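The values are calculated or read from the model by the stated rules, or taken from the named source; none is laboratory data. Keep in mind the model is a prediction, meaning the values are calculated, not measured. When we count neighbours, we look across all protein chains shown, and the Cβ atoms used for this are built from the backbone with ideal geometry, even at glycine. We work out accessible area using only protein heavy atoms, side chains counted, and drop any ligands, DNA or RNA first. Shrake-Rupley method; radii C 1.70, N 1.55, O 1.52, S 1.80 Å.
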Amino acid sequence: MTGMRRTAVPVTGTEHPVTVSRWSRTASGSTGLAFVAVLVLAAVPYFAGGPAEQPLITLLTFVAMATQWNLLAGFSGLTSFGQQAYLGLGAYALYLVAVHGVNPFVAAALIAAVISLPVSVLVLRLSGGYFAVATLVIASVFQIAATLSPSVGGTTGVTVPGLAGYDPVLREALIYWATLAVAVISVAGVFLLVRRTFGLDARAVGSDPVAAASAGVRVGRIRRLAYFVAAGGAGAVGALIALQTLYVEPTTVFSIQYSVDMLFMVLIGGMGTIEGPVLGALVLFGLQEALSSYGAWYLVIVGGLAVAATLVSSRGLWGFAADRFGLSLLPVGYRVRPPRG
C-alpha cells in the first residue's frame, strides 16, 4: 500500500536505531475490520430491510458530511459555516439533470465542485473568522438565488423526477447503497489524500500559512484543492438528501443546521483525524435518536455537550483516546518508535 513504509535511522550517540513508521498491525487489523463492516452494511437490504436502512442512511450521511468538513477545517484550517451552500447546489443539480435525463448523482457532485472554483477565488482571499463569515454569506446568496428562480420552483420547491416510479422497497435500497458508497468514498478518499504530500502541506497551511509559504508550500493551491474536494463531497451529500425526500426546497436544503451538525461532529470526534469525524457522527446520531423528542432541549443538550467536550479535550474524543492510550486505527502521519532493549 502506497505510503505504508518503514525506515530505520540511527540515533546519535547510540547503537540502536529507532523506527519511523506510518503503519502498524493495529492499522492493518482495523482496515480489515472496516472492509468487513462495509460488506455487511452493503448486505443490510437483503437481511434487515427498511427498518434498518433508514437510520443507517442518516448515520452514513452524517459520516460523509463530517469527513468532508474535517478536510477543510481539521486538515486545512478553513473553518466554514457555509458548506450548506454546496449541499443545496447538489440537491438542485440533481433535480436539473434528472429533468434532462442525465445520470443525476455523479453530475450533482461535479456541478457543485465546478461552481466552487470561482467562489474559492473570492473566499480564499480571506482567513479565520472572515473566511467563516464569507462562506455563510455565500450560502445565503445561493439560497436567495434559488428562492427567486422560477425554474427551480422558487419558494415552493420542486419534486425530483426519476425515482417516483420505482417500487418503494427497491427505491429505499438504491438510496441506501448510494449513501453507503458516498460515505465510504468520503472516508477512504480523504484518508488517501491526506497521506500524500497534500496532507503535510495542508496541516502546515492550517497551522501557519505564512510559515508554510516561506517553506515553499503553495498555500493557495492547497486551499483551493481542499475547498474543491469538500464542495464536491457536499454536493454528493446534497444529492442524497434530495433522493431521500424526492423534494427540494430552498429553506431546507440551505439550512445552516447542516453546518452546525458538521461542526459538532468534528469537534466532538476530533479534528485533523480520520477516526474523529466517524466517531462524532456516531455520537450525533445517538443523541438525535435519544433526544429528538425533547424538542428545543435537544439543541441545548447538544450544544452543552459540545462546549463540555471542547473544554475537557480540545482534540475531541478520539484525540483524548489517542493521547491517553496511543490509539491510531488509520494513521496519517509518522510515528517514531523507541529502540528495543
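Residues of segment 245-261 that are part of a helix (DSSP H, G or I) and over 21 Å from Gly280 (Cα atoms): Thr245, Pro250, Thr251, Thr252, Val253. For Ala112, the stated conditions hold: it is farther than 15 Å from Leu243 by Cα and either buried (at least 21 other Cβ atoms within 10 Å of the Cβ) or of a type in the set (A, V, I, L, M, F, W, C) (or both). For segment 117-137, name all the residues that are touching a residue at least 60 places away in the same chain (Cβ under 8 Å) and in a loop (DSSP other than H, G, I, E, B). If the condition is that a residue be touching a residue at least 60 places away in the same chain (Cβ under 8 Å) and in a loop (DSSP other than H, G, I, E, B), then Leu124, Ser127 are the ones that fit.
Let's see how each residue does on (1) open to solvent by less than 40 Å² (accessible area, probe 1.4 Å); (2) outside any helix (DSSP H, G or I); (3) at pLDDT below 70; (4) not acidic (Asp, Glu):
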site	(1), (2), (3), (4)
Ala8	no, yes, yes, yes
Val36	no, no, no, yes
Val40	no, no, no, yes
Tyr46	no, no, no, yes
Glu53	yes, no, no, no
Thr61	yes, no, no, yes
Leu78	yes, yes, no, yes
Gly88	yes, no, no, yes
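When Thr197, Thr179, Thr159, Thr147 are checked against the criterion of being among the β-branched types (Val, Ile, Thr) and in contact with a strand residue (DSSP E or B) (Cβ under 9 Å, 6 or more places away or on another chain), Thr159 stands alone in meeting it.
Considering each of Ala242, Ala234 in turn, give the residue that is assigned to a helix (DSSP H, G or I), open to solvent by less than 70 Å² (accessible area, probe 1.4 Å) and touching a strand residue (DSSP E or B) at 6+ places or on another chain (Cβ under 7 Å).
Details: Ala234 fails: touching a strand residue (DSSP E or B) at 6+ places or on another chain (Cβ under 7 Å).
Of Ala242, Ala234, the one residue that is assigned to a helix (DSSP H, G or I), open to solvent by less than 70 Å² (accessible area, probe 1.4 Å) and touching a strand residue (DSSP E or B) at 6+ places or on another chain (Cβ under 7 Å) is Ala242.
In segment 285-312, the residues that are more than 15 Å from Val266 (Cα to Cα) and polar (S, T, N, Q) form Cβ pairs under 6 Å with partners that are part of a helix (DSSP H, G or I) and open to solvent by less than 60 Å² (accessible area, probe 1.4 Å), at six or more places apart or across chains, as follows: Ser292/Tyr298.
Looking at (1) within 23 Å of Ala202 (Cβ to Cβ); (2) among the aromatic types (Phe, Trp, Tyr); (3) open to solvent by less than 60 Å² (accessible area, probe 1.4 Å), can you tell me which one Tyr130 breaks? Failing condition for Tyr130: (3). Could you pull out every one of the helices (runs of 4 or more DSSP H) wholly within segment 138-230 that has 3 or more residues that are exposed (fewer than 15 other Cβ atoms within 10 Å of the Cβ)? Once the helices (runs of 4 or more DSSP H) in segment 138-230 are filtered for at least 3 residues that are exposed (fewer than 15 other Cβ atoms within 10 Å of the Cβ), what remains is 168-194, 209-214. Scanning segment 288-312 for residues that are within 21 Å of Glu275 (Cα to Cα) and either open to solvent by 80 Å² or more (accessible area, probe 1.4 Å) or within 21 Å of the chain's Cα centre (by Cα) (or both) yields Gln288, Val302, Leu305, Ala306, Val307, Ala309, Thr310, Leu311, Val312.
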